[in-house]
1. Mind counting the residues in the range 16-36 that are in a helix (DSSP H, G or I), of a type outside the set (S, T, N, Q) and either open to solvent by less than 30 Å² (accessible area, probe 1.4 Å) or free of Cβ contacts under 8 Å to residues at least 12 places away in the same chain (or both)?
2. Taking the range 234-276 as the search range and keeping residues that are within 19 Å of F183 (Cβ to Cβ) and charged (D, E, K, R), which one is surrounded by the most Cβ atoms within 10 Å (Cβ to Cβ)?
3. Is it the case, given these coordinates, that I291 is without any contact (Cβ under 8 Å) to a residue 24 or more places away in the chain and not basic (K, R)?
4. Here's a check for you: in the range 91-116, which residue that is in contact (Cβ under 8 Å) with a residue 40 or more places away in the chain and open to solvent by less than 70 Å² (accessible area, probe 1.4 Å) is nearest to I191 (Cα to Cα)?
5. If D152 satisfies every condition in (1) open to solvent by less than 60 Å² (accessible area, probe 1.4 Å); (2) on the phi < 0 side of the Ramachandran plot; (3) not aromatic (F, W, Y) but one, which is the exception?
6. Go over the candidates L331, L322 one by one and state the one that is touching a Pro at 6+ places or on another chain (Cβ under 9 Å) and modelled with pLDDT of 95 or more.
7. Hey, can you tell me all the residues within the range 111-133 that are over 16 Å from the mean Cα position of the chain (by Cα) and not hydroxyl-bearing (S, T, Y)?
8. Counting just the residues of the range 117-149 that are modelled with pLDDT under 95 and surrounded by fewer than 16 Cβ atoms within 10 Å (Cβ to Cβ), which one comes out nearest to N319 (Cα to Cα)?
Amino acid sequence: MKQKRPSIKDIAKALNVSITTISFVLNGKGEERKISKEVIKKIEDYVEEINYTPNQVAQSLRTGESKILVFMVEDISNSFFANIARAIEDIAYKKGYKVLFCSNENNDKRSRELIRVFSERLVDGFIIIPSAGIRKEIEKLIKIGIPVVLGDRYFEDLPTHYVVIDNFQAAKAATQHLINNEFKKIAFITIDTPQNQMTDRFKGYSQAIEDAGLESIVLKLPFETINKKEGIASIETLLLKNNIDAVFFSTNYLTQFAFEIIKKINPDLVYNLGIITFDDNEFFKINNPSITAVAQPIEQIAKELMDIMFKILKSKDKNIPLIQKTLEASLQIRDSSKNLSTKNEA
């Protein structure tokens, strides 16, 4: 038979101390409340002796807060999201909060399940990198008063707090960099999705290509075909049949996926193509050739997301004027986007 979890009342009775005193000590406010060091030690020693752990759900119901936030991303193993998560965790910890991390795999069903599970556990707020079809779920969270901040992307017809970058301008500048280095047949490989971060990157590429009077060469891959035969075949066809001299990848995992294909076709091809990727990481810095990348300001993104979240949490009715931040990305220029004649000389 499972042993009953001891409660604060049980501890108070055993030590002949008030429940309020126990609560202050367990919450680290003993000294602040002028409780003697002897009483604090007595409580802490007894709690350790009986291996007491507080009932977080009951505590949440009593105080109205759990001190827990959820950060839901597309894929927590992706370096871009992992680095933001790490920065968010540090900021949260300093404020006395813990963060639960989860991946929705850009899948609406999984996103809905995760939102339901964490909502039932009374978390204090959600920072979400949303999949394309969960607008209603986000709207519902907002309506019932649960703080929500979106990152990386948002729903254009839903008023929400968000932090994004200027994807259009970043993609346009990256494409223009290739054009300035005399690449003429520049392909754009992206994910086939209506999400605005990807559509804006496509628009930025398209605008730069149109302004230069060049041919638009675009491959849109369904998310579920990444690392599958269909995706491999599509990239191989693009590379072999279009006589391209440069490729701009809309996200870092596409770049890493395509690199294996490029090397399989011809190991020398990576040196002869102009290459730019969105979202920088360590692999692109140390690869040979090193890869030019659009770098998002990770620390600033994390800070802005958390600043907005804490402003909502501090608001008594959780209702503050919309805060919508658009940040600037930077282009980290490396070997892969050098002018072809310069590459050949090297």
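The values are calculated or read from the model by the stated rules, or taken from the named source; none is laboratory data. As the structure is a computational prediction, the values presented were derived from the model and not from experiment. Cβ sites come from the backbone with ideal geometry, for glycine too, and all protein chains shown count toward neighbours. Calculation scope for accessible area: heavy atoms of the full protein, side chains included, ligands and nucleic acids excluded. Shrake-Rupley method; radii C 1.70, N 1.55, O 1.52, S 1.80 Å.
1. 4
2. D245
3. Taking the combined requirement at face value, the residue does not satisfy it.
4. Top of the filtered list is N106.
5. (2)
6. L322
7. Matches in the range 111-133: R112, E113, R116, V117, F118, E120, R121, L122, V123, D124, G133.
8. If we take residues in the range 117-149 being modelled with pLDDT under 95 and surrounded by fewer than 16 Cβ atoms within 10 Å (Cβ to Cβ), then G145 is nearest to N319 (Cα to Cα).
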